[in-house]
C-alpha cells in the first residue's frame, strides 16, 4: 500500500484521482476509479445540466467528485448548487479564479480542489481555502499552460510547505503509469491526477476511433494550440491552450489560426467529426502520455496497475 496524506484524508486505497475531463469523464469512468480504490471525478466541463444528471445516474452509489471549468461555471453558477446538493466527495475547479465560489463550497462542507498552472494560481487557490492543489504541467492533454511537471510540482510543494503546509498537493500532466506516480511522490506530491491514461479506457465517453487514434500516436505527435477552441466557438482565456494529437485539421491550420477564425471555424464539420469519431478532422484531446499507452482496458484496471507498479518501484509501505 502507498499511504499518503491524500489517501488518509479521502479514505482511498491508492493516491490516484481521475481528471474531470469535459465530455469524456462520465459517471461510469468515475465509478470505476472509485471502486478500484482511487477517487473518480465526473467532468462537469462546460455546464450541461442534463448531461450532469445523466452521468450522476451512471455513477450509481459510488463516492465520486465533480469538476468544473471555472470561467464557464461563472456563466451559470446555479450548477454549482445542484452538484453540491449531491454531497460530492470533492469539488474541483480549474482555469479561472476559484475565490468567487469558495464560500458556497465551504458552506456545503465539501473539499475544494483547485488545479493550477502557475505559482500565482497556487497562491489564489490557497487564498480560496483549497484543501488540495493540483499542479498541472503543460504535458497534460486538454487545456493547460506551459510549465513542466518536473519543475512546477516541487516549486508549488516548496511554496505550500512555507505558506500552507496543511494543503495537499497532486501532480498532473504526463502521468500514465507507476513510474509517474512514484516520481510525483518524490517531487513532493501527495498523489496524482490522471487524465490521458484514464481517457484511454473502456469507460471513456469519447468515440472509440478517437481513443484508437491516440493510442496509435506517440508523444511527439501532440501539440498545444487554440485550433479546436476556434472551431468550436469557445472563447478560452489566455494563457490556456489545448493539447491534442496532431491530425490533418491541425496541420492545415496550425500556421494560420486567424484564417480558421475568418473561415468560421468549420464549426459544423468539426462538430460532426467529433460526434462520429473522425480523428482526421477532430483531433483526439490527449496529452504527451499517449506515447506510454498501448491498450484500452477498464479504468479500474488502470488504477490498480499504476498503483502496483509504483509500489514495486518504491519498495512498498510508502508513507508521506
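Tabulated data for the structure shown
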read-out	value
Qualifying residue in region 209-224 (condition: touching a strand residue (DSSP E or B) at 6+ places or on another chain (Cβ under 6 Å), in a helix (DSSP H, G or I), crowded, with 22+ Cβ neighbours inside 10 Å and not assigned by TED's automatic domain parsing to the domain that holds residue 170)	yes
Top-ranked residue of region 39-61 - restricted to ones that are within 19 Å of the chain's Cα centre (by Cα) and assigned to a loop (DSSP other than H, G, I, E, B), ranked as nearest to residue 117 (Cα to Cα)	46
In region 8-54, the residues that are at positive phi and surrounded by fewer than 18 Cβ atoms within 10 Å (Cβ to Cβ)	11, 23
When residues of region 245-264 are limited to those that are out of contact with any strand residue (DSSP E or B) (no Cβ under 9 Å at 6 or more places or on another chain) and not in a helix (DSSP H, G or I), the one surrounded by the fewest Cβ atoms within 10 Å (Cβ to Cβ)	255
Residue satisfying condition, being at pLDDT below 95, in a helix (DSSP H, G or I) and either within 16 Å of residue 217 (Cα to Cα) or within 22 Å of the chain's Cα centre (by Cα) (or both), within set 231, 310	231
Test: residue 286 is in contact with a strand residue (DSSP E or B) (Cβ under 8 Å, 6 or more places away or on another chain) and surrounded by 22 or more Cβ atoms within 10 Å (Cβ to Cβ)	yes
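The values are calculated or read from the model by the stated rules, or taken from the named source; none is laboratory data. On a predicted model such as this, the values are computed, not experimentally measured, just so you know. For neighbour counting, all protein chains shown are included, and Cβ atoms are generated from backbone atoms with ideal geometry for every residue, glycine included.
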